[in-house]
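*Asks:* Take this structure, written in structure tokens, and hold onto it; I'll ask about it next.
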Amino acid sequence: AQSVTQLDSQVPVFEEAPVELRCNYSSSVSVYLFWYVQYPNQGLQLLLKYLSGSTLVKGINGFEAEFNKSQTSFHLRKPSVHISDTAEYFCAVSYSGGGADGLTFGKGTHLIIQP
Amino acid sequence: DGGITQSPKYLFRKEGQNVTLSCEQNLNHDAMYWYRQDPGQGLRLIYYSQIVNDFQKGDIAEGYSVSREKKESFPLTVTSAQKNPTAFYLCASSIGVTNSPLHFGNGTRLTVT
């Protein structure tokens, strides 16, 4: 069964500092990878996605992620965070040839921006 | 603007009562999903539907039921058989292929006492 691991449940960072949120997935031949953001009491919004092509993917709000097939990782980065980036971040995966049951999600990382 | 509407935003029920959560989408998506979110647990799939009049159990379907009579609508009923129903429930939709992202509603927070 497919799985996604977000090793850090919380990441505290000072405002304007860089941040990396880690995501690893269970290996498969071909994967599609996603990062979502969730603000309090709201649904999830798509930040970025990797389907194929360039391994560096740029998303909204200045975030980017790099697909690393050898390390089965898809870490999310931002060079300088803002207080408004405080939220829960979810990594998700689906597999080529997989079933019709949508995405498998990690347990989330709470990004806490300190002034 | 197209999107997914979940109602109500907050719902309170007494133990032993069934309750139905509404989910409507105007994105013309074929696939719809229900997830449950608990603190520190991520999102767990309850039910999904790829087409009208057809739906499949997800990882935690026990104590829940759904229907898909219209493409736009995918209501979720939390029955009295669900042992721990208090949670945040999220509805989502997608065009239905394996590389398509999910679009989410803003959720319904259900509290059962």
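*Asks:* Plugging the Kirkwood radius over Cα pairs into Stokes-Einstein for chain B, at a temperature of 25 °C and a viscosity of 0.890 mPa s, what D comes out in µm²/s?
*Replies:* 176
*Asks:* Under 10 Å, Cα contacts only: if you run a Gaussian network model on chain B, which one of B:Q50, B:Q17, B:Q82 comes out with the highest mean-square fluctuation?
*Replies:* Result: B:Q17 has the largest fluctuation of those listed.
*Asks:* Of the lysine pairs in the protein assembly as shown, how many meet both conditions: Cα atoms under 28 Å apart, and a spacing of 8 or more in sequence or different chains?
*Replies:* Close lysine pairs found across the protein assembly as shown: 24.
*Asks:* Among A:F34, A:F63, B:F88, what is the fewest-to-most ranking by other Cβ atoms within 10 Å? Show your work: numbers first, answer last.
*Replies:* Details: A:F34 28, A:F63 21, B:F88 17.
Lowest to highest Cβ neighbour count: B:F88, A:F63, A:F34.
*Asks:* How much net charge surrounds A:K78 when only other residues with a Cβ under 14 Å from its Cβ are counted (Lys, Arg +1; Asp, Glu -1)?
*Replies:* So the surrounding residues net to -3.
*Asks:* Equivalent-ellipsoid semi-axes (√(5λ), Cα gyration tensor) for the stretch A:17-96, whole Å, largest first?
*Replies:* Gyration-tensor ellipsoid for the stretch A:17-96: 22, 14, 10 Å.
*Asks:* When N is the residue count of the protein assembly as shown, what does its C-alpha Rg come to as a fraction of 2.2 N^0.38 Å?
*Replies:* Normalised by 2.2 N^0.38 Å, the Cα Rg of the protein assembly as shown equals 1.01.
*Asks:* Could you state the number of Å between the C-alpha centres of the stretch B:57-90 and the stretch A:1-68?
*Replies:* Each part reduced to its Cα centre gives a spacing of 28 Å.
*Asks:* Something else: Fewest first, what order do A:C23, B:C91 take by the number of other Cβ atoms within 10 Å?
*Replies:* The order, fewest Cβ neighbours first, is A:C23, B:C91.
Every number in this text was worked out from the coordinates using simple rules, so none of it is lab data. Keep in mind the model is a prediction, meaning the values are calculated, not measured. Ideal geometry is used to build each Cβ from the backbone, glycine not excepted, and the neighbour counts take in all protein chains shown.
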